[in-house]
Amino acid sequence: MDLREDRQRLERILLGQEALVNEVRSWLEEEEAADAMVEAAIRSTVAVRTDRLSDLDPARVYSAGALRDLCVRYRLRLLPAGLYRGELPRQAIGAVRALEAAHGTVLRGFHVMAPARRFQLCDADGDPLLFVRVEDDRYYLVHRWGSDLSPWRAVLHWPLRGPLHLAITMAALVLVIAAVMPNGLLTRDPAAGWWGGHRLLFVLWTAWVVLAFTVQGWFAFHGRFSREAWNSRTFN
């Protein structure tokens, strides 16, 4: 009698655990399905759409002008999320679901800010930021990941912000090269001073060389200034 009761109690425990496991499995499947739907919505956003949302955190709302300045400074693109070909982290999808739940709506106006290499551009063979367009000139930051917004990136791409930035960089490069070049490589006169006609000629020669390489590289690699390319869907 005791043995049968023990067996029945054990069966009830096992059945209860199985029901709990099935309930957890069902919940996980529902969560995965919901995440898949959100990711599909983000990946399918190829047109410019706007989600009218209210009561948003002002610290996470940015104007189009501010985002343009960020793209120019860090050499980034701000494009519909459907063109983004990188990985979408679970945290980003969870942030979208939380925003949808808070406003009782389904979002469609997704945009991603990231380097051009992370997008599937029309003629193509760092830290992405996921935005939702909430007004014609306002974007809400949903989630940020990666490390592309670094000071080093801003310094590295400073010459590509505009024509003036490139010209200043070229001039600085010419002056640095001319300044560090030893006199012995510029003239055979051992009595010649550091400054003279020999160094002026070298400055002019260096300027022509730097200009030639810059022009050749610019056209060879389809160069575009950041002020023009920050929201372009094409590579060149």
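FYI, it's all coordinate maths here, none of it is from the lab. As the structure is a computational prediction, the values presented were derived from the model and not from experiment. All Cβ positions, even for glycine, are placed from backbone atoms using ideal geometry, and neighbour counts span all protein chains on display.
Applying the Karplus relation 6.51 cos²θ - 1.76 cosθ + 1.60 with θ = phi - 60° to segment 44-54 yields 3J(HN,Hα) values of 8, 7, 10, 9, 7, 10, 10, 9, 7, 10, 10 Hz, where x marks Gly and Pro. The 3J(HN,Hα) values that the Karplus relation (6.51, -1.76, 1.60; θ = phi - 60°) gives for segment 85-93 are, in residue order, 10, x, 7, 9, x, 4, 5, 5, 5 Hz. Gly and Pro appear as x. Distance between the 7 Å Cα→Cβ label points at Arg224 and Trp152: 2.7 nm.
Under 5 Å between amide hydrogens, built in the peptide plane, is the criterion, and for Ser44 it picks out nothing among residues at least 5 positions away or on other chains. Summing Lys and Arg as +1 and Asp and Glu as -1 over all other residues whose Cβ lies under 11 Å from the Cβ of Phe225 gives a net charge of +3.
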